[in-house]
Amino acid sequence: MSQRHSAPSNVLATETDGSPWWKDAVVYQIYPKSFNDSNADGLGDVRGIAGKVDYLADLGVDAVWLSPIYQSPQADNGYDISDYRAIDDQYGDLEDFEGLLSALHDRDIRLIMDLVVNHTSDEHEWFQRSRRGEEPYDDYYYWREGDPDDPPNNWDSFFGGSAWSYDDEREAWYLHLFDEKQPDLNWRNPAVREDVYEMMRWWLDRGIDGFRMDVINLISKTEGLPDGDPHGGLVGAEHFMNGPRVHEYLSEMMEETVDTVDREIMTVGETPGVSVEDARQYVGEDGDGLSMVFQFEHVDVGDGDSKWDVGEFDLVAFKEIFDRWQTGLADDGWNSVYLSNHDQPRSVSQFGNDGEYRRKSAKLLGTFTHTLGGTPYVYQGEELGMTNANFESVEQLRDVEAINFVEEAIASGEANEYDDVREAVEAVARDNARTPMQWTDDPNAGFTDGDPWLKVNDNYTEINVADEREDTDSVWQYYRQLIDLRHDNDVLVYGDFELHYPDHESVFAYSRTLGDDHALVVLNWADDPATVDVPDGVPIEDLELAIGNAGAAPATPGDRLTLEPWEARVYLV
Ligand code: TEU
């Protein structure tokens, strides 16, 4: 175990009420490339973010998670890191970073950094030296010799095609679960692990408050890298998701990093393919020590074999997933609650109605995330009800995953031209979430004075921060009230969860109970009105409306609840 580090000067004190700060917190995710551009190069940057800290304070969030700003060739928008200890030139430098951290801390907002250590960039020094066979880096990645036409196994890359590429310099194959410019680190090698921990301590020494751990449940692979079941979704997944040594590595990581500092550090593991039982091993009492994980079940509802194969949203299935996660981690562990991030479509487009009921359904979705157990995440623009975008041609796309998808569909003959797959792209491409933040109705939505790196959504003249802040009935104002409501009511943070009417096709209703406090949340997740009885056991005589998105909602529930389309109500004792 490493020696304890003395606290850097720039840290926020840990609260002393016994509960870690991140349980009461609302986290705001920033995708730096698209948040705010301070130097007119069309790309967001650290100074741009620092210029908006008052915006974040006004909204009332407690922490910011920054997607990667490290030095990177940007093959996957910064999730391909070539130097973990440097800020990419396009985002600024370490001094800018220090300025941002201080500006946030001055406003009591904590900073969570993205940690991408399943893989590096192929331009990272470790890979460059590994490819030349230089010790001790020769074994830092997964290398396999063999026929250059026949990859070592049948594993798929998340971004399409084989997870292996042949390197002519080393004359061997290397593994990359994502892009070929993102080679997977060999976590079996203790020197790799020690280098990663040292880097994490270096960031902790700068005073940051936590890490969001990119695909952290992929770091351990089945020994011998055997073929995967060819009939599964992503071939090989059973050999790299929640692999055999993942808990050993993470417990060691926590001990060597987070446990060496005196303040409370938040960690959230991004864990595709994780079950409630798996999650308990990451975050439970006897688990590895992570604060929480991101699970994916609910964002995948309705998907076919691939994410591009979008089906019908099924609310009953969606409720069952949340019921299982809310109750499954109630006594052991902690949930994260999100509907949106930089890899998902916009939540109002995926789960709400981004046409006629855009505002109302965006408010309903916010009501949902802020009244469940766990830590809520707001993804930039979600607080405005930002929507998916129109992408008229493949040239308008920027994401490697979406571009690969279109190119493969055309190459395989599944599609003749972009228009044949446009519907799928506009429904699920990650670029939807990455269009620039809409600040004003000025050109480029006030995001940049230059040419934006990715098109601005055409609807910025109707949906933007300036208008939302002026309008007392806006999605933004409603989010602000929701965040306050959660801060003021422990029952919404810590209360036991009970699902009502599990089989109802459009009403999602639940109670939260903490001692004598009770909350009843009723959400009509549909374009049609609905009427339901107040569930048994709810203390209706004591309940009062705390927040709702429809003007006509009665102050007390009465025996029956009649709800408008997309109406959301929260009653509290
Ligand atoms: O995402 C990993 C992940 O599992 C996904 O959400 C994945 O991008 C998606 O399923 C593809 O459809 C993380 C990052 O959030 C993502 O931006 C990176 O591209 C990826 O890891 C590689 O670092």
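The values are calculated or read from the model by the stated rules, or taken from the named source; none is laboratory data. Bear in mind that the values here come from a model prediction, so they are computed numbers and not experimental data. All Cβ positions, glycine included, derive from the backbone under ideal geometry; neighbour counts span all protein chains shown. Quick note on the areas: whole protein, heavy atoms, side chains included, nothing else; ligands and nucleic acids left out. Shrake-Rupley method; radii C 1.70, N 1.55, O 1.52, S 1.80 Å.
Run G207 past the list (1) away from the ligand (no atom under 16 Å from the Cβ); (2) out of contact with any Pro (no Cβ under 8 Å at 6 or more places or on another chain); (3) among the small types (G, A, S) and report the number of the one that doesn't hold. Tallying (1) away from the ligand (no atom under 16 Å from the Cβ); (2) out of contact with any Pro (no Cβ under 8 Å at 6 or more places or on another chain); (3) among the small types (G, A, S), G207 fails exactly one: (2).
Would you confirm whether any residue within the range 309-317 is closer than 25 Å to Y494 by Cβ, within 13 Å of the ligand (Cβ to nearest atom) and not charged (D, E, K, R)? Checked the range 309-317: no residue is closer than 25 Å to Y494 by Cβ, within 13 Å of the ligand (Cβ to nearest atom) and not charged (D, E, K, R).
The listed residues are V522, V538, V491, and the only one of them that is closer than 30 Å to D332 by Cβ, touching a Leu at 6+ places or on another chain (Cβ under 6 Å) and part of a loop (DSSP other than H, G, I, E, B) turns out to be V538.
When you scan the range 98-109, do you find a residue that is β-branched (V, I, T), open to solvent by less than 20 Å² (accessible area, probe 1.4 Å) and more than 16 Å from the ligand (Cβ to nearest atom), even just one? Looking through the range 98-109, at least one residue is β-branched (V, I, T), open to solvent by less than 20 Å² (accessible area, probe 1.4 Å) and more than 16 Å from the ligand (Cβ to nearest atom). In summary, I112 fulfils each of the numbered conditions (1) surrounded by 23 or more Cβ atoms within 10 Å (Cβ to Cβ); (2) out of contact with any strand residue (DSSP E or B) (no Cβ under 6 Å at 6 or more places or on another chain) with the single exception of condition (2). Pairs are defined by a Cβ separation below 9 Å, a sequence spacing of at least 6 or placement on different chains, a first member in the range 547-573 that is open to solvent by 10 Å² or more (accessible area, probe 1.4 Å) and polar (S, T, N, Q), and a second member that is assigned to a strand (DSSP E or B) and at pLDDT 95 or above; the pairs so defined are N549/A568; N549/R569; T556/E544; T556/L545; T556/Y571; T562/A530; T562/T531; T562/V532.
So in the range 307-356, with the set limited to residues that are among the small types (G, A, S) and free of Cβ contacts under 8 Å to residues at least 60 places away in the same chain, which one is surrounded by the fewest Cβ atoms within 10 Å (Cβ to Cβ)?
G311
Being open to solvent by less than 50 Å² (accessible area, probe 1.4 Å) and either among the hydroxyl-bearing types (S, T, Y) or within 12 Å of the ligand (Cβ to nearest atom) (or both): is that true of Q295 here? So Q295 fits the description; yes. Give the residue that is nearest to E98 (Cα to Cα), with candidates limited to residues of the range 142-152 that are surrounded by 15 or more Cβ atoms within 10 Å (Cβ to Cβ) and out of contact with any helix residue (DSSP H, G or I) (no Cβ under 8 Å at 6 or more places or on another chain). Filtering first and then ranking leaves Y142. One residue is enough: does the range 178-195 have a residue meeting the conditions within 16 Å of the ligand (Cβ to nearest atom), in contact with a Pro (Cβ under 9 Å, 6 or more places away or on another chain) and either open to solvent by less than 10 Å² (accessible area, probe 1.4 Å) or hydroxyl-bearing (S, T, Y) (or both)? Scanning the range 178-195, I find no residue that is within 16 Å of the ligand (Cβ to nearest atom), in contact with a Pro (Cβ under 9 Å, 6 or more places away or on another chain) and either open to solvent by less than 10 Å² (accessible area, probe 1.4 Å) or hydroxyl-bearing (S, T, Y) (or both), so the answer is no.
When G446 is tested against (1) at positive phi; (2) surrounded by fewer than 16 Cβ atoms within 10 Å (Cβ to Cβ), just one condition goes unmet, and that condition is (2). The set of residues from the range 156-173 being part of a strand (DSSP E or B), in contact with an Asp or Glu (Cβ under 7 Å, 6 or more places away or on another chain) and within 16 Å of the ligand (Cβ to nearest atom) comprises just one member, S165.
Taking the range 40-55 as the search range and keeping residues that are open to solvent by 10 Å² or more (accessible area, probe 1.4 Å) and among the charged types (D, E, K, R), which one is nearest to R480 (Cα to Cα)?
D54
Might you check whether a residue that is among the aromatic types (F, W, Y) and touching a strand residue (DSSP E or B) at 6+ places or on another chain (Cβ under 6 Å) occurs anywhere in the range 503-510? Within the range 503-510, one or more residues are among the aromatic types (F, W, Y) and touching a strand residue (DSSP E or B) at 6+ places or on another chain (Cβ under 6 Å).
Inspection of the range 120-141 identifies at least one residue that is within 14 Å of the ligand (Cβ to nearest atom), surrounded by 22 or more Cβ atoms within 10 Å (Cβ to Cβ) and within 23 Å of the chain's Cα centre (by Cα). Please work out if A433 is in contact with a His (Cβ under 8 Å, 6 or more places away or on another chain), of a type outside the set (S, T, N, Q) and closer than 23 Å to S157 by Cα. Against the criterion (in contact with a His (Cβ under 8 Å, 6 or more places away or on another chain), of a type outside the set (S, T, N, Q) and closer than 23 Å to S157 by Cα), A433 qualifies.
Which of the helices (runs of 4 or more DSSP H) contained wholly in the range 286-385 include at least 1 residues that are more than 28 Å from M437 (Cβ to Cβ)?
315-328
Pairing each residue of the range 83-103 that is more than 16 Å from L56 (Cβ to Cβ) and among the polar types (S, T, N, Q) with any residue that is open to solvent by 20 Å² or more (accessible area, probe 1.4 Å) and not in a strand (DSSP E or B), provided the two are 6+ apart or on different chains, yields C-beta distances under 9 Å for Q90/D41; Q90/L43; Q90/Q74.
For T472, state whether it is open to solvent by 10 Å² or more (accessible area, probe 1.4 Å), free of Cβ contacts under 8 Å to residues at least 60 places away in the same chain and within 18 Å of D354 (Cα to Cα).
Values: open to solvent by 10 Å² or more (accessible area, probe 1.4 Å): yes; free of Cβ contacts under 8 Å to residues at least 60 places away in the same chain: yes; within 18 Å of D354 (Cα to Cα): no.
For T472, the condition - open to solvent by 10 Å² or more (accessible area, probe 1.4 Å), free of Cβ contacts under 8 Å to residues at least 60 places away in the same chain and within 18 Å of D354 (Cα to Cα) - is not met.
Would you point out the residue of the range 88-97, among those that are within 23 Å of the chain's Cα centre (by Cα) and open to solvent by 10 Å² or more (accessible area, probe 1.4 Å), that is farthest from R188 (Cα to Cα)? Looking at residues that are within 23 Å of the chain's Cα centre (by Cα) and open to solvent by 10 Å² or more (accessible area, probe 1.4 Å), I get Q90.
Among residues belonging to the range 430-448 that are touching a Gly at 6+ places or on another chain (Cβ under 9 Å) and outside any loop (DSSP other than H, G, I, E, B), point out the one that is nearest to the ligand (Cβ to nearest atom). Outline the logic, then answer.
Within the range 430-448, the subset touching a Gly at 6+ places or on another chain (Cβ under 9 Å) is 433, 435-440, 444, 447-448.
Now narrow it down to the ones that are outside any loop (DSSP other than H, G, I, E, B): 433, 444.
Working: A433: 10, N444: 24 Å.
If we take residues in the range 430-448 being touching a Gly at 6+ places or on another chain (Cβ under 9 Å) and outside any loop (DSSP other than H, G, I, E, B), then A433 is nearest to the ligand (Cβ to nearest atom).
Residues in the range 318-355 that are within 15 Å of the ligand (Cβ to nearest atom) and among the hydroxyl-bearing types (S, T, Y): 4 in all. Residues that are open to solvent by 40 Å² or more (accessible area, probe 1.4 Å) and not in a helix (DSSP H, G or I) within the range 266-285 comprise G273, E285, listed in sequence order. The number of residues in the range 142-173 being among the acidic types (D, E) and within 32 Å of the chain's Cα centre (by Cα) comes to 1. Cβ separations smaller than 6 Å between residues 6+ apart or across chains give the following pairs from the range 261-272 residues that are within 11 Å of the ligand (Cβ to nearest atom) to residues that are hydrophobic (A, V, I, L, M, F, W, C): E270/V215; E270/F294; T271/V293; P272/F296.
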